[in-house]
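The values are calculated or read from the model by the stated rules, or taken from the named source; none is laboratory data. Everything numeric here is computed off the predicted structure, so don't read it as measured data. Positions of Cβ are generated from backbone atoms using ideal geometry, with glycine treated the same way; all protein chains shown enter the neighbour counts. In case anyone asks, the SASA skips ligands and DNA or RNA and just uses the protein heavy atoms, side chains included. Shrake-Rupley method; radii C 1.70, N 1.55, O 1.52, S 1.80 Å.
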Amino acid sequence: MEGEKKYITVEQLKLHNKPSDLWISIQGKVYNITDWAKDHPGGDAILFNMSGQDVTDGFIAYHPPSAWKYLGKFFTGYYLKDFEISEVSKDYRKLASEFNQLGLFENKGHGALYSVISILVMLYLVVYGVLKSESVLVHFGCGCLLGVLWVQGAYMGHDSGHYQVMSSRRYNKLAQFLAGNCLTGISIAWWKWTHNAHHIACNSLDYDPDLQHMPVFAVSSKFFQSITSTFYGRELTFDAVARFLVSHQHFTYYPIMIVGRVNLFIQTFLLLFSKRSIPDRALNIMGILVFWTWFPLLVSCLPNWSERFMFVLASFTVTALQHIQFTLNHFTGDTYLGPPTGNDWFEKQTAGTVDILCSSWMDWFYGGLQFQLEHHLFPRLPRSQLRKISPTVKELCKKHNLPYKSLSFLDANVTTIRMLRNAAQQAWDMALPVPKNLAWEAVNTHG
């Protein structure tokens, strides 16, 4: 007790870091969110990852000012005694406050309207081209256009998942299900589950699901130690099969990006039909059924199997550009092992992200996510504002001697392939002690 306030230390707060005893600190006040974690709109996983520590920066990044009024009922009566705020965090919080006062979080522009119109136009052209034309080239073009439609639909789903793009929360939720589940076949529930965890634990090898692609890809040699994924709750085993696949990952990177959408379909089904508690499970399943009704029907309208294969391959190949972009943003970023920490929010985001340089007229192509660092620091900021704040973020990084990585699309590809090749060469080193099976021994009998 000091005066009329009750205090606990940082070390005491760390003791409350279990699902059955979950405390956090925000701006010096300590909150008990044990019973409420399961109802958290962003999922309970990110709360478990940040439990027992100060989470002020993460809370500011993800929540509008209106969210502060809900904290009172969780207040324990304790204040954090010896927590020191870094100079970087002070500047970050000041910057977030300034952006809020300028109304940048509310000034969304007309991006959502343009996205809806463009998606509807593309959908009409794709359906019309498939049904009304007998030209193979037209069908090929429709496949490519469907890929562009999926890319833009994914961006709209991403935007509506981070902030309200529509006039009301109900319409915003409808936009998520239509753009995600119904249009692209990827569940918004799966996206929220993985994407929120990715933002909180940016580039943590064992906490960030966006880096856990074993046995196909390994962005760090630390994966060769068969680390355990805290997110998936299982070991990412580096066995003989993983060694073989990883040792060729710089060759298989682009082909796998083309079929990467299949993995997203599978992940969606695995989550929706799992035993996990899924918000709006029935609605998510219904949306997926809508996709798997219209898409196969559309493909079946093509005259033969060769054109159907061409159509699907063309659409998947175009969407591969988006998958590539997402990996370029993080694969070459700095990585670490362990849970995220609340006192270095800004530093972890700068270390784990890579921006993609492009002209403003290409913003539609990248969906604003070429400003990956800006998006990670201010995920609620509309994409139309990211280019505006980029110089300010860059100056703040310079002030605190933190990296601000930005590469052209070509250079980012070259850097990523080089990183994958370096990891592949390490995986090829047969001196590493990994389990071997008879098939691996047979393949390598003659070296």
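Could you tell me whether the stretch 336-351 includes any residue that is of a type in the set (Lys, Arg) and either without any contact (Cβ under 8 Å) to a residue 24 or more places away in the chain or in a helix (DSSP H, G or I) (or both)?
The answer is yes, given that some residue of the stretch 336-351 is of a type in the set (Lys, Arg) and either without any contact (Cβ under 8 Å) to a residue 24 or more places away in the chain or in a helix (DSSP H, G or I) (or both).
Return the pairs, sorted by first residue and then second, in which the second residue is open to solvent by 40 Å² or more (accessible area, probe 1.4 Å) and not in a loop (DSSP other than H, G, I, E, B), the first residue lies in the stretch 11-24 and is touching a residue at least 40 places away in the same chain (Cβ under 8 Å), the beta carbons are less than 6 Å apart, and the residues are 6+ apart or on different chains.
Trp23/Asn32
Test His199 against the criterion of being touching a His at 6+ places or on another chain (Cβ under 8 Å) and either under 22 Å from His330 (Cβ atoms) or among the basic types (Lys, Arg) (or both), and give yes or no. Talk me through it step by step, then tell me what you get.
Numbers: touching a His at 6+ places or on another chain (Cβ under 8 Å): yes; either under 22 Å from His330 (Cβ atoms) or among the basic types (Lys, Arg) (or both): yes.
Answer is yes for this residue.
Return only the number of the condition from (1) modelled with pLDDT under 95; (2) open to solvent by 10 Å² or more (accessible area, probe 1.4 Å); (3) closer than 23 Å to Leu410 by Cα; (4) within 18 Å of the chain's Cα centre (by Cα) that Met257 does not satisfy.
Only one criterion is unmet by Met257, namely (1).
Filter the stretch 292-303 for residues that are among the β-branched types (Val, Ile, Thr) and open to solvent by 40 Å² or more (accessible area, probe 1.4 Å) and give the result.
Initially, the stretch 292-303 is screened for residues among the β-branched types (Val, Ile, Thr), giving 293, 299.
The answer is Thr293, and nothing else.
Take Ser187 and decide whether it is over 19 Å from Val262 (Cβ atoms) and over 12 Å from the mean Cα position of the chain (by Cα).
Details: over 19 Å from Val262 (Cβ atoms): no; over 12 Å from the mean Cα position of the chain (by Cα): yes.
So Ser187 fails the test.
Mind listing just one residue for me: the one in the stretch 218-236 that is hydroxyl-bearing (Ser, Thr, Tyr) and over 26 Å from Asp44 (Cβ atoms) and, of those, most open to solvent (accessible area, probe 1.4 Å)?
Let us first name the residues in the stretch 218-236 that are hydroxyl-bearing (Ser, Thr, Tyr), namely 220-221, 226, 228-230, 232.
Now drop any that are not over 26 Å from Asp44 (Cβ atoms), which leaves 220-221, 226.
Working: Ser220: 17, Ser221: 48, Ser226: 28 Å².
Applying the filter and picking the extreme gives Ser221.
Any residue in the stretch 273-290 that's over 22 Å from Ala37 (Cα atoms): show its pairings with residues that are surrounded by fewer than 16 Cβ atoms within 10 Å (Cβ to Cβ) and of a type in the set (Val, Ile, Thr) at Cβ separation under 6 Å, as long as the two are six or more apart or on different chains.
Within 6 Å, no pair qualifies.
Inspect all residues belonging to the stretch 345-365 and state whether any of them is more than 24 Å from Asp208 (Cβ to Cβ), in contact with a Cys (Cβ under 9 Å, 6 or more places away or on another chain) and surrounded by fewer than 22 Cβ atoms within 10 Å (Cβ to Cβ).
yes
Go through the stretch 373-423 and give me each residue that's part of a loop (DSSP other than H, G, I, E, B) and either surrounded by 15 or more Cβ atoms within 10 Å (Cβ to Cβ) or in contact with a helix residue (DSSP H, G or I) (Cβ under 7 Å, 6 or more places away or on another chain) (or both). If you could, list the steps in order and put the result at the bottom.
Let us first name the residues in the stretch 373-423 that are part of a loop (DSSP other than H, G, I, E, B), namely 378-382, 400-405.
Of everything in the stretch 373-423, those that are part of a loop (DSSP other than H, G, I, E, B) and either surrounded by 15 or more Cβ atoms within 10 Å (Cβ to Cβ) or in contact with a helix residue (DSSP H, G or I) (Cβ under 7 Å, 6 or more places away or on another chain) (or both) turn out to be Phe378, Pro379, Arg380, Leu381, Pro382, His400, Leu402, Pro403, Tyr404, Lys405.
Which of the helices (runs of 4 or more DSSP H) contained wholly in the stretch 70-162 include at least 2 residues that are open to solvent by 40 Å² or more (accessible area, probe 1.4 Å) and among the basic types (Lys, Arg)? Write out each step before concluding.
Values: elements: 87-101, 111-132, 136-162.
Answer list for the stretch 70-162: 87-101.
Going through the stretch 1-27 one residue at a time, which ones are open to solvent by less than 60 Å² (accessible area, probe 1.4 Å) and over 18 Å from Leu71 (Cβ atoms)? So that I can check it myself, show each step before the final result.
Within the stretch 1-27, the first condition is being open to solvent by less than 60 Å² (accessible area, probe 1.4 Å), and the residues that meet it are 8-10, 13, 16, 21-26.
Listed by number, the residues that qualify are Thr9, Val10, Asp21.
Looking at (1) crowded, with 19+ Cβ neighbours inside 10 Å; (2) free of Cβ contacts under 8 Å to residues at least 40 places away in the same chain, which is the one condition that is false for Ser306?
Of everything listed in (1) crowded, with 19+ Cβ neighbours inside 10 Å; (2) free of Cβ contacts under 8 Å to residues at least 40 places away in the same chain, Ser306 misses just condition (1).
Across the stretch 332-371, which residue is nearest to Val151 (Cα to Cα) among those that are in contact with a helix residue (DSSP H, G or I) (Cβ under 6 Å, 6 or more places away or on another chain) and among the charged types (D, E, K, R)?
Selected residue: Asp355.
List the pairs whose first member sits in the stretch 96-112 and is within 22 Å of Leu396 (Cβ to Cβ), whose second member is among the acidic types (Asp, Glu) and in a loop (DSSP other than H, G, I, E, B), and whose Cβ atoms are under 9 Å apart, counting only residues at least 6 apart or on separate chains?
Asn100/Glu106
Report whether or not Val30 is surrounded by fewer than 20 Cβ atoms within 10 Å (Cβ to Cβ), more than 20 Å from Pro209 (Cβ to Cβ) and among the β-branched types (Val, Ile, Thr). Reasoning before the result, please.
Details: surrounded by fewer than 20 Cβ atoms within 10 Å (Cβ to Cβ): no; more than 20 Å from Pro209 (Cβ to Cβ): yes; among the β-branched types (Val, Ile, Thr): yes.
So Val30 fails the test.
Which is within 21 Å of the chain's Cα centre (by Cα), under 26 Å from Trp193 (Cα atoms), assigned to a loop (DSSP other than H, G, I, E, B) and of a type in the set (Phe, Trp, Tyr), of Phe331, Phe269, Phe265, Phe326? If you could, list the steps in order and put the result at the bottom.
Values: Phe269 fails: assigned to a loop (DSSP other than H, G, I, E, B); Phe265 fails: assigned to a loop (DSSP other than H, G, I, E, B); Phe326 fails: assigned to a loop (DSSP other than H, G, I, E, B).
That would be Phe331, the only listed residue that is within 21 Å of the chain's Cα centre (by Cα), under 26 Å from Trp193 (Cα atoms), assigned to a loop (DSSP other than H, G, I, E, B) and of a type in the set (Phe, Trp, Tyr).
Please find, among Phe231, Phe223, the residue that is closer than 14 Å to Phe331 by Cβ and aromatic (Phe, Trp, Tyr). Let's see the steps before the verdict.
Values: Phe231 fails: closer than 14 Å to Phe331 by Cβ.
Only one candidate passes the filter, namely Phe223.
Only one of these conditions is not met by Met214: (1) part of a helix (DSSP H, G or I); (2) under 23 Å from Arg276 (Cα atoms); (3) hydrophobic (A, V, I, L, M, F, W, C). Which number is it?
So the condition that Met214 fails would be (1).
Pairs needed: first member in the stretch 201-216, open to solvent by less than 10 Å² (accessible area, probe 1.4 Å); second member anywhere, part of a loop (DSSP other than H, G, I, E, B) and charged (D, E, K, R); C-beta distance under 6 Å; at least 6 residues apart or different chains.
Short answer, once both residue conditions are applied: Ala201/Asp208.
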